[in-house]
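The values are calculated or read from the model by the stated rules, or taken from the named source; none is laboratory data. Remember, predicted model here, so these are calculated numbers, not experimental data. No Cβ is skipped: glycine too gets one built from the backbone with ideal geometry, and neighbour counts run over all protein chains shown. For the accessible areas, the whole protein counts, side chains as well, though only heavy atoms, and no ligand, DNA or RNA atoms are used. Shrake-Rupley method; radii C 1.70, N 1.55, O 1.52, S 1.80 Å.
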Amino acid sequence: MSKKKIVILVIAIILFIAALIGIYFLTTKDKEQSITGTVIVSKDNYIILESQEGDYLVKNIENSYELGDEVTITYQKSSLKETSPIEVTATKEVIVKRAQNETQEEPEKTQEEESSSNTNKTNNNSSNQTSNNQTTTNQNTDESNNKKETSNNVTTTQNESTTQNNPSNNNTKSADEEVLTYVRSIESDTENGITSTLKSGFITVVDFLFYDGKIAGHTFNELTTSAKLEVLKAALWIDDKVDSVFPGYKETISNGASKVYTSVKNLIVSTYLDITTSICESHSNLCESAKSDFQDLKQSFGFTWDLIKSLASSGLDKLASWYEIWSGK
């Protein structure tokens, strides 16, 4: 066989193999696949399914679903994106099983139960009449006390007004300023290699956030919403530094104590997500800022979808809002 024929044969074989590969690719690229799972997030234009194969973010949803519904979704293989959750575009939806309705109808009462119920109503009416007489007497006493309290409140309001108008009292820092100054001093010291206050600062901040502790005489609830988010971000940084600078320290102080310091990160993340959810219901500008900041935290501390899902496991109703904050949607 001449060299020319051999070359032609080799080229033909290569082209034949390439054709087979192309045919295989074209026939499998848009092959329909399906997934069955339980709805754990339900929005107008997408749902998230929890299945044995993993969690799926399903777009192009046409029907409405409740949490707990079992659904089979058909999608084109070409629409699948290897994200977390896995993203697909639905071409067909089939409801397998609706979520169980926990509301049960009240059983009909027997004649004896009806008679007993009527007797109880009569006794209750008599008891309520006596209670009403006592309430009237108490109300008269309360009205007298309320008059005294109103008089005292007027005096207190006048005193507060005088205090607010006194220039000498306007030099004090706000709760936001004092608390943020404290947590940022811990960050600054640690960045400069001064770790002597890191342990005590960690405990102080955790107690302040979750155990009714105070910083500079102020509680967490006294802060503005934006300041709360700033403190939570600082707390994540401090928590991370304690783990890296003093490994095992949190486990040591948690042993035998009534307070838990080992799962602080999860508590901080949950609180941040709850506050941001509340913000996004009424303050669009601050909502975008809080979401953007969470994206930075997500990158810095490695917040995964599995973490967010596990934190919301006791209340899936909040998972939809948390997902949109976590994903930055």
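Taken over the stretch 59-93, the criterion of being open to solvent by 70 Å² or more (accessible area, probe 1.4 Å) and in contact with an Asp or Glu (Cβ under 6 Å, 6 or more places away or on another chain) is satisfied by Asn63, Lys81. Pairs under 7 Å by beta carbon, first residue in contact (Cβ under 8 Å) with a residue 40 or more places away in the chain in the stretch 213-237, partner open to solvent by less than 40 Å² (accessible area, probe 1.4 Å) and assigned to a loop (DSSP other than H, G, I, E, B), six or more apart or different chains? These pairs meet every condition: Val231/Leu223.
This table checks each residue for (1) touching a Leu at 6+ places or on another chain (Cβ under 8 Å); (2) under 28 Å from Val39 (Cα atoms).
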site	(1), (2)
Trp237	no, no
Phe246	yes, no
Leu267	yes, yes
Lys291	no, yes
Gly302	no, yes
Asp306	no, yes
Trp322	yes, yes
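Table: residues versus (1) in contact with a Ser or Thr (Cβ under 8 Å, 6 or more places away or on another chain); (2) in a helix (DSSP H, G or I); (3) open to solvent by less than 40 Å² (accessible area, probe 1.4 Å).
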residue: Asp239; (1), (2), (3): no, yes, yes
residue: Ser258; (1), (2), (3): no, no, no
residue: Asn266; (1), (2), (3): no, yes, no
residue: Thr277; (1), (2), (3): yes, yes, yes
residue: Lys291; (1), (2), (3): yes, yes, yes
residue: Ile325; (1), (2), (3): yes, yes, yes
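Selection of the stretch 213-237 for residues being under 24 Å from Ser282 (Cα atoms), surrounded by fewer than 20 Cβ atoms within 10 Å (Cβ to Cβ) and aliphatic (A, V, I, L, M) yields only Ala227. Looking across the stretch 189-214, the residues that are assigned to a helix (DSSP H, G or I), under 15 Å from Val245 (Cα atoms) and among the polar types (S, T, N, Q) come down to Thr190, Ser200. Contact annotation: residue pairs with Cβ atoms under 9 Å, 6 or more positions apart or on different chains, pairing a residue in the stretch 1-28 that is more than 25 Å from Lys77 (Cβ to Cβ) and open to solvent by 100 Å² or more (accessible area, probe 1.4 Å) with a partner that is at pLDDT 70 or above and in a helix (DSSP H, G or I), are Met1/Leu9.
Answer yes if at least one residue in the stretch 35-58 is open to solvent by less than 50 Å² (accessible area, probe 1.4 Å), touching a residue at least 12 places away in the same chain (Cβ under 8 Å) and not in a strand (DSSP E or B), and no otherwise. No, the stretch 35-58 has no match at all.
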